[in-house]
Structures are given as structure tokens and as C-alpha cells.
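Asker: One structure, pasted below without further comment.
The values are calculated or read from the model by the stated rules, or taken from the named source; none is laboratory data. Since the structure is predicted, the reported quantities are computational estimates derived from the model, not experimental observations. Here the Cβ is made from the backbone with ideal geometry for all residues, glycine too, and neighbour counts use every protein chain on show.
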Amino acid sequence: MEPEKSAYVLIHRIDDPARHVLSLSYDSRHLPGWNDLVNGWSLGPASTGAQVPVEEPMLLGTRLGIFPASNHVILWGHVPPEHELAPFQIRMSGHRWVEARCSRSEADTLYCRFDRGPLRIGDHVVQFSYERPVLP
């Protein structure tokens, strides 16, 4: 029997050094993606039942998810047109944050490729990994 594949998400607040690691089974991906072959893990406030809980008020009313690909990771989902989102940021070398290159359609779709580096969503940092992170 083949072992179940897992991925890991490291989450923390910018102002808090405590980090939380989530272990996510590939079989637990339930958020439908952009076609019938793609599913991801839902991301949002815990009160919404999101698999990746990120307590940011700006995420209320959205339906976003993390979608792993072969060599990168995508934040994708639906955001109502009237809904305001703060810019997402990715961390570059030297721990410098820059605005992520995200696209948002006029309909309601957000697409943001963040590879495996940290993605800043408001006051939270989310980092995806195929290997269990070692915490200090």
C-alpha cells in the first residue's frame, strides 16, 4: 500500500514568532479549481471552515484556495468584484517583501503564483512545502 501524500503549510503572523505547521493530505483537497482536474485546499478565516485558516478580515466573502503544481504553488479562487483586497506580497532574498504578481479578472477570479516562497496576506505569512518544515 502506497503511503498517503501530504503537503505542509507554515502559517504565522508578522508580529508573532510562533509558527504553526499544518499537514494536509492530498486526498483532502476539496476546493474545485479552474477545470475538472484541479482541486486545492481552501484558505480563509477558520469560521468559514477553511482548511488553511488565515484570520484576515479581507478574506471574508472570498473563496480562495492553495493549488499545488509540479514546481510552483497557486493561490486561486473567487473574489466578488466589489470586494477590496490588500496587495499580496512575496518575500525575496534578503527578507524584502515585494508585491506579488497577481491577476484579477473583471468577473471574480484571482490568480496569484507564489512558487514555494512565503506569501504575505495582510498580517499573516503562508508558506507551502512538500517536506515537513523544521521549526527552531
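Asker: Quick one: Arg19 ticks every box in (1) surrounded by 13 or more Cβ atoms within 10 Å (Cβ to Cβ); (2) modelled with pLDDT of 90 or more except a single one, so which number is it?
Answerer: Here Arg19 clears every test but (2).
Asker: Shifting gears a bit: State all residues of the stretch 119-136 that are of a type outside the set (D, E, K, R) and either under 15 Å from Ala7 (Cβ atoms) or in contact with a helix residue (DSSP H, G or I) (Cβ under 9 Å, 6 or more places away or on another chain) (or both); if no residue qualifies, say none.
Answerer: Matches in the stretch 119-136: Leu119, Ile121, Gly122, Val126, Gln127, Phe128, Ser129, Tyr130, Pro133.
Asker: Could you name every one of the strands (runs of 3 or more DSSP E) located completely within the stretch 50-136 that has at least 3 residues being closer than 26 Å to Asn35 by Cβ and in contact with a Lys or Arg (Cβ under 9 Å, 6 or more places away or on another chain)?
Answerer: Here the list reads 63-68, 73-78, 109-113, 124-129.
Asker: Quick check on this structure: which one of Ser42, Ser25, Ser47 is of a type in the set (S, T, N, Q) and in contact with a Gly (Cβ under 7 Å, 6 or more places away or on another chain)?
Answerer: Ser42
Asker: Filter the stretch 80-114 down to the residues that are of a type in the set (D, E, K, R) and within 21 Å of Phe67 (Cα to Cα) and list them by number.
Answerer: Listed by number, the residues that qualify are Arg91, Glu99, Arg101, Arg104, Asp108, Arg113.
Asker: What pairs can you find where one residue is in the stretch 102-119 and farther than 19 Å from Val9 by Cβ, the other is of a type in the set (Val, Ile, Thr) and not in a strand (DSSP E or B), and their Cβ atoms are less than 7 Å apart, with a gap of 6+ or different chains?
Answerer: From the stretch 102-119, the pairs are Arg104/Val79; Asp108/Val79.
Asker: Just to verify a result, which residue in the stretch 32-49, among those that are of a type outside the set (Val, Ile, Thr), free of Cβ contacts under 8 Å to residues at least 60 places away in the same chain and not in a loop (DSSP other than H, G, I, E, B), is surrounded by the fewest Cβ atoms within 10 Å (Cβ to Cβ)?
Answerer: Ser47
Asker: Can you spot a residue in the stretch 75-98 that is basic (Lys, Arg), touching a residue at least 40 places away in the same chain (Cβ under 8 Å) and either crowded, with 17+ Cβ neighbours inside 10 Å or closer than 17 Å to Val9 by Cα (or both)?
Answerer: No, that holds for no residue.
Asker: Please enumerate the residues belonging to the stretch 40-60 that are over 13 Å from the mean Cα position of the chain (by Cα) and at negative phi.
Answerer: Ala46, Ser47, Thr48, Pro57, Met58, Leu60
Asker: Next question, about the same structure. Might you let me know whether the stretch 71-89 holds any residue that is over 14 Å from the mean Cα position of the chain (by Cα) and at positive phi?
Answerer: no
Asker: Inside the stretch 4-28, can you point out the residues that are assigned to a loop (DSSP other than H, G, I, E, B) and either farther than 20 Å from Ile121 by Cβ or touching a residue at least 24 places away in the same chain (Cβ under 8 Å) (or both)?
Answerer: Those that are assigned to a loop (DSSP other than H, G, I, E, B) and either farther than 20 Å from Ile121 by Cβ or touching a residue at least 24 places away in the same chain (Cβ under 8 Å) (or both): Glu4, Lys5, Ile14, Asp15, Arg19.
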